[in-house]
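All remarks here apply to the structure that follows.
Bear in mind that the values in this text are calculations on the coordinates, not laboratory data. Predicted model only: the values in this text are computed from it and were never measured. With ideal geometry, Cβ positions are generated from the backbone for all residues, glycine too; neighbour counts draw on all protein chains shown.
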Amino acid sequence: MATAPARLTQSTVVPASRGAPSRMSSSPRTCTLLPAPGSPPGRNAQSLSKKAARSQGARRTGGARAPLPRAGRQCKIGGLSPQGCPRIPADRRAAAVDFPGGRMADTSESGPDTDRRPVNEQRRRRIEKIAELKALGIAAYPDRFPRTHTLAEAAALPESAQGLALAGRLTLRRRFGKLTFAHIQDQDKAFQIALERDKVATASLAGKDAYAVFQHLIDLGDFIGCEGDLMRTKTGELTLSVKRFTLLAKSLRPLPEKWHGLRDLELCYRQRYLDLIMNADTRARFALRRRVIAAFRETLDREGFVEVTTPTLVPTASGALATPFVTHHQALDMPAYLRIAPETYLKRLIVGGYDKVYEFAQSFRNEGMDPSHLQEFALLEYYCAFWNYEDNMRFTEKLLAAVIAAAAGSPVVRFQGREIDFTPPWPRIAFRDALTQYAGVAPEDFPTVESLRAEVKKRAPDVEGIEHMGRGSLLDQLYKKCARPQMLGPAFLVGHPIELSPLARRSDADPQLTDRFQVLAGGREIVNAYSELVAPIEQRERFEEQAALRREGDAEAMAAEDDYLLCMEYGMPPTSGWGLGLERFLCLLADRENLRDVVFFPFMRPQSDGGGAADAGAADDTGAPQAPEGA
């Protein structure tokens, strides 16, 4: 049985006092100066004595300044002679002298790295380091690394596990003299690593030379690979004791400072990659998105639904009441549209003989921007032959409760300080009753379109295009603005006016209503579903009514789709369809108000300059906040 590696602990290393000179070992320490490139390697070599090294230690604590090398000279790195290193600029010579003879030799100095220089200066220095690494035989961008485990997989191993190869981005580093603790981070987890000066290697370097490379040429933000054995510190943290590390990618820009560097929401949306690096809650939201999609797929597949793909670029804007994005098809010289919804194509497949189909469909609506609306969003739609909307409601209760429990751990969701329990059964409320109960509006009190329009202007003055809306759209605006925000749910909204549902089946009980339902939760609609209109003649009449509204200026009226009407004439069985806005559903589960928080790269107006979140403030090695300049 292999012997478990010795335990290391951060608590065993006592940092030197910041106010006292650093302790020095009894052995002499030198910093050999190399001639400029092109000169003989050993010519005019000089050494800084132990006294000079102590002078450098004093410089870090406010004492006398250390002597600088002569112009054109370079410092050795850990006793090596990198002939290919570039000439050290005048403004970097002090740091170069400090590298081997000072900070590296003084292994009792402890604490985090801090680099408060401007980002452009840090970037320039990191580019210089690439040449220095190359001179040492270390590639800044190798082609691969033989990783044995992800960090999450490593975290599940026993502390006796040996021979691991882990990889990730260096996000934190604390030095304790001859011992350094650091964190690397991958897609799912951060993991602690530990390096001892005399036991680590990289490329052809070992011991203090390799340790010097890690301390001075590896930066926060770099990707590194680490090979070694697991151990557990005295504080109980599972840690990789690194025997060998490999630089996998050199970052040229410093990471944003943890607490203040990337808290501006707009910067998070524009530079989501930095948001993902710095913010664990952002990574958790997108992990939730992944689990939700997987849970929907697993449940629908188990129920016999078939996943399909339908067109995104379409010749007719149809499938929902919304304003489309319009483009031009050059080859066919005709207008084309980004789909509003995949509905009519999925129903074509029902006509074609499929019983159950579904699709995760990127959809587009050229409408206003606000926290609850996106122009590009993900729709999950499914259709089932031989169901009506009552069958669909029963399935919806079970489906959403199961998905929420699988993705979030419980059917109870906490949203904006209130609990929403998705355990079936859910209550039902009629569209008219919702207006009366939550908005104080009875539709029959407004017998004419003009009187209803006046009420909408009074209650919702921010709504655009009111002058061109029909009665159904006006009632819908009153509901959306005045009633829906107050409905916690989950609940089924039923009994929608027929004007709002041109593709839904007319109710047998009331011909002015449709067999339709919506799922409401947290003041938002998350599902829209109905018994499909399968009668081709009535569907043509509905399209003609929508065309009349369109001629009157209603931009959201649905366009007729002749090919879909032709398809219907071949016969469509009784069918119920269902659509869920994935981003709204995710916001509910993640307790977020803004849909952009659950989209990797929301559409933003381009910036004219190249600045970004990374320039707002660089992190030190602990991620601790730094005071802004002038503070």
Exercise for the section: For the stretch 182-189, just list the computed ³J(HN,Hα) in residue order, Karplus coefficients 6.51, -1.76 and 1.60, θ = phi - 60°, integers in Hz, with x standing in for Gly and Pro. Expected result: 8, 10, 10, 9, 10, 4, 10, 7
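Subtract the Cα-Cα distance of Glu569 and Gln437 from 0.36 nm times their separation in residues, and report this length gain in nm to one decimal.
43.3 nm
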Problem - Vicinal HN-Hα couplings computed from phi for the stretch 363-377 (Karplus, 6.51 cos²θ - 1.76 cosθ + 1.60; Hz; Gly/Pro x) - result: 10, 9, 9, 8, 10, x, 9, 7, x, 9, 9, 10, 7, 10, 8
Handout entry: Relative contact order, percent, the stretch 237-372 [alpha-carbon distance under 8 Å, six or more residues apart]
Key = 19 percent
Problem - Virtual spin-label span in nm between Gln416 and Arg144, 7 Å along Cα→Cβ - result: 5.2 nm
Exercise for the section: Take every Cα pair under 8 Å in the stretch 443-501 that's 6+ residues apart, average their separations, divide by the length, and report that relative contact order as a whole percent. Expected result: 33 percent
Handout entry: the stretch 121-271 - percent relative contact order, Cα under 8 Å, separation 6 or more
Key = 26 percent
